[in-house]
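The values are calculated or read from the model by the stated rules, or taken from the named source; none is laboratory data. As the structure is a computational prediction, the values presented were derived from the model and not from experiment. Heads up, the Cβs are rebuilt from the backbone with ideal geometry, glycines too, and the neighbour counts pull from every protein chain shown.
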Amino acid sequence: MCGIIGTTGAPDTCALLVAGLELLEYRGYDSAGVAICDRATGGLWRARAAEHAGSIGRLRTLLADAPRDPGASIGHTRWATHGRPTEENAHPHLDCTGRIALVHNGIIGNYRPLAAGLDARGHKRSSQTDTEVLVHLVEEEVASGADLAQAVRRCLAVVRGDFAIAVVRAEEPDVIVAARRTSPLIVGITASAGIVASDVAAALATTRELYALGEDEVATVRPGGLEVVDLTGRPVEPRRIEVSWSVQRAMKGGYPDFMSKEIHEQPQAVRDTLLGRLDGSGCTELDELEIGERELAGIERVQFLACGSSFHAALAARQAVEHWARVGADAEVASEFRYREPVLAHRTLAVAVSQSGETVDTLHAMREARRAGARVVAVTNVVDSVMAREADGVLYTRAGPEIGVASTKSHIAQLALLQALALHLGRVRGSLPAGELERASAAMSTLHLAVADAVGRGEEYCRVAERFAHVEDFYFLGRRAGLPVALEGALKLKELAYVRAEAYPAGEMKHGPISLIEPGVVVVVVATRTALWEKVMANVEEMRARGATVVAVADDGDEETAELVDAVLAVPHVEEVCSPVVNVVPLQFLAYTLARARGNDVDRPRNLAKVVTVE
Ligand code: M6R
């Protein structure tokens, strides 16, 4: 949940650290800090700031006093888990001598007994974090004669939990030692420098020669040199990462914030994601699945696993799979699936859906599904992410890096890709009615145009949204393909505008929640033309009869719907199975507008982090 950067041998250490931290801020921004080996004094210099979204700005000021002759350096941006977001809990943490510094992303499961042992042996801990035990354990190994890399390996042998760490030591001023288990870490080198980072974007300013550290691997990074070993010290061949995008793509590109940039990139994300996987003539190609068509044809159940917006994409996918492939499908929140001792049907295909490919709940649910006998596919936006590496097959959304904490383009790309997967399953299983494959794949191959049409109406959506800028109570209703859209609309509003927003199946309101409907409540309903339109509109009448103001996501030109509601967010019509890709767009603008009207930071909403690598 935190971001790590480390640099050695590069000419402008402080600028690199700050730029890296800024790119990693999406992983958490409760505090930020750096530790720099000082060649002039032979010591270690540290600076930390805990000012929420202002931490990196403050750190930049503190860096004016940084060593003039810097050696190996590490930095960290934190999303608090153990210990409040204060300066004393900010990373890097130091050992008792102040000569070893360590940054960490993840959670040390057994930190309490480790801390008790350290306390008993006389160590002085100065934070409430789980992380700090690591640096004292390394200190003990160094004191017994180990070099930094040996010390880290020995220390990690007694640690349970998830971690990516980077460590520096005053006595070895060129060296960064990095290691990981579950949490991601990238290392890279040039002829004269070395880099460690939590993601590719933060490392790209230094080099494109990047390697993904594997589970329980320890890297020693020096200027121009890289050695990777396992926990026993055996050398490991580092795995090169192919980087297909530039750091420029991760910048705002003229938009006021990443969220609006990413909303506007959605047509491209859908187009790129479906490119080569579908054509208008009924061909579906999902070769990267690594699961042959014969095996896919024999699948008896599909189990989707995901969290947050990815879960909503999975809910939509469940319907697409049942519709086209006529095989039973479920979508479950990963954090629940993992702990309910799931019993999976024979020949289950488990599909883990995750923008980051790192969400720890989804990762563990995916592992659980595999243990229960399923074949496992990861659908992710991040090449070489942990899930991508562990799954039997992987399907990448091609949305490009998503920096805004709220999922937008990656969510829409997931919806499109999962629909393609459903159609592919339908083809290999022979479950599609004659002509349906050609018709559906033709419709999907122009889906990006409908998304472009919806995104192009952004200003219109914002104008409608402004009318409701100060409303505090929202309900989002939908049925069938409209329900995941309603859920996603409510999630966006909650996380960005900090407004109460509840999503419900429209037909379920009368079983209880309708008692909360009264004047002042705004009900947003997905009311595009489907076989259930009349039923949805009957539910709308029930809301209006109790005084609610109703805003409908409706087909462009649908006068009948417009007359029955108070405001319309008009979308181009696409067939129901594909409709979430288009219908969610106005709800993104709604949340964006309300968040901005309230002065909220749309890219970094409070209490959240882009990548949730803790349970
Ligand atoms: O990286 P993932 O797709 O696994 O992330 C899952 C959720 O944390 C994520 O979708 C979250 O709900 C977003 N902030 C929603 O906008």
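Meeting the requirement of 1 or more residues that are at pLDDT 95 or above, the helices (runs of 4 or more DSSP H) wholly within segment 132-218 are 132-143, 148-156. In segment 334-377, which residue that is touching an Asp or Glu at 6+ places or on another chain (Cβ under 7 Å) and more than 27 Å from ALA413 (Cβ to Cβ) is nearest to the ligand (Cβ to nearest atom)? Across segment 334-377, the extreme among qualifying residues is PRO342. Filter segment 399-436 down to the residues that are away from the ligand (no atom under 15 Å from the Cβ) and in a loop (DSSP other than H, G, I, E, B) and list them by number. Scanning segment 399-436 gives GLY430, SER431, LEU432, PRO433, ALA434, GLY435. Suppose the filter is within 26 Å of the chain's Cα centre (by Cα), surrounded by 23 or more Cβ atoms within 10 Å (Cβ to Cβ) and under 30 Å from ARG326 (Cβ atoms); does ALA490 pass it? No, not satisfied.
Pairing each residue of segment 294-322 that is outside the structural domain of VAL428 (by TED's automatic domain parsing) with any residue that is away from the ligand (no atom under 16 Å from the Cβ) and of a type in the set (S, T, N, Q), provided the two are 6+ apart or on different chains, yields no C-beta distance under 9 Å.
What about LEU569, is it within 16 Å of the ligand (Cβ to nearest atom) and either modelled with pLDDT under 95 or closer than 26 Å to GLU495 by Cα (or both)? So LEU569 fails the test.
Considering LEU590, LEU532, LEU594, the condition of being more than 28 Å from SER445 (Cα to Cα) and either aliphatic (A, V, I, L, M) or in the same structural domain as ALA416 (by TED's automatic domain parsing) (or both) is satisfied by LEU594 alone. Please verify whether GLU262 is within 16 Å of the ligand (Cβ to nearest atom), in contact (Cβ under 8 Å) with a residue 40 or more places away in the chain, assigned to a helix (DSSP H, G or I) and charged (D, E, K, R), treating the condition exactly as stated. Answer is yes for this residue.
Give me a count of the residues in segment 4-18 that are more than 13 Å from SER55 (Cα to Cα) and either in contact with a helix residue (DSSP H, G or I) (Cβ under 8 Å, 6 or more places away or on another chain) or in a loop (DSSP other than H, G, I, E, B) (or both). Summing the residues that are more than 13 Å from SER55 (Cα to Cα) and either in contact with a helix residue (DSSP H, G or I) (Cβ under 8 Å, 6 or more places away or on another chain) or in a loop (DSSP other than H, G, I, E, B) (or both) in segment 4-18 gives 9.
Can you confirm whether segment 117-130 contains a residue that is β-branched (Val, Ile, Thr), over 31 Å from the mean Cα position of the chain (by Cα) and buried (at least 20 other Cβ atoms within 10 Å of the Cβ)? Outline the logic, then answer.
Within segment 117-130, the subset β-branched (Val, Ile, Thr) is 129.
From the residues that got through so far, the ones that are over 31 Å from the mean Cα position of the chain (by Cα) too are none.
Scanning segment 117-130, I find no residue that is β-branched (Val, Ile, Thr), over 31 Å from the mean Cα position of the chain (by Cα) and buried (at least 20 other Cβ atoms within 10 Å of the Cβ), so the answer is no.
Screening ALA80, ALA101 for residues that are within 28 Å of VAL612 (Cα to Cα) and either touching a residue at least 60 places away in the same chain (Cβ under 8 Å) or in contact with a strand residue (DSSP E or B) (Cβ under 6 Å, 6 or more places away or on another chain) (or both) leaves exactly one candidate, ALA101.
Out of everything in segment 282-306 that is of a type in the set (Asp, Glu) and under 24 Å from HIS411 (Cα atoms), what residue ends up being farthest from the chain's Cα centre (by Cα)? So, considering only residues that are of a type in the set (Asp, Glu) and under 24 Å from HIS411 (Cα atoms), the one farthest from the chain's Cα centre (by Cα) is GLU285.
Can you tell me which residue within segment 458-481, out of those that are touching a strand residue (DSSP E or B) at 6+ places or on another chain (Cβ under 7 Å) and of a type in the set (Lys, Arg), is surrounded by the fewest Cβ atoms within 10 Å (Cβ to Cβ)? Ranking the qualifying residues of segment 458-481, first place goes to ARG467. The residue pairs whose first member lies in segment 458-478 and is in contact (Cβ under 8 Å) with a residue 24 or more places away in the chain, whose second member is acidic (Asp, Glu) and part of a strand (DSSP E or B), and whose beta carbons are closer than 7 Å, counting only pairs six or more residues apart or on different chains, are TYR475/GLU502. Taking segment 278-307 as the range and being in contact with an Asp or Glu (Cβ under 8 Å, 6 or more places away or on another chain), modelled with pLDDT of 90 or more and not hydrophobic (A, V, I, L, M, F, W, C) as the test, the residues that pass are ARG301, GLN303. When every residue of segment 465-477 is checked against the conditions, at least one turns out to be at negative phi and assigned to a helix (DSSP H, G or I).
In the condition set (1) within 27 Å of the chain's Cα centre (by Cα); (2) at negative phi; (3) of a type outside the set (A, V, I, L, M), ARG480 is compliant with all but (2).
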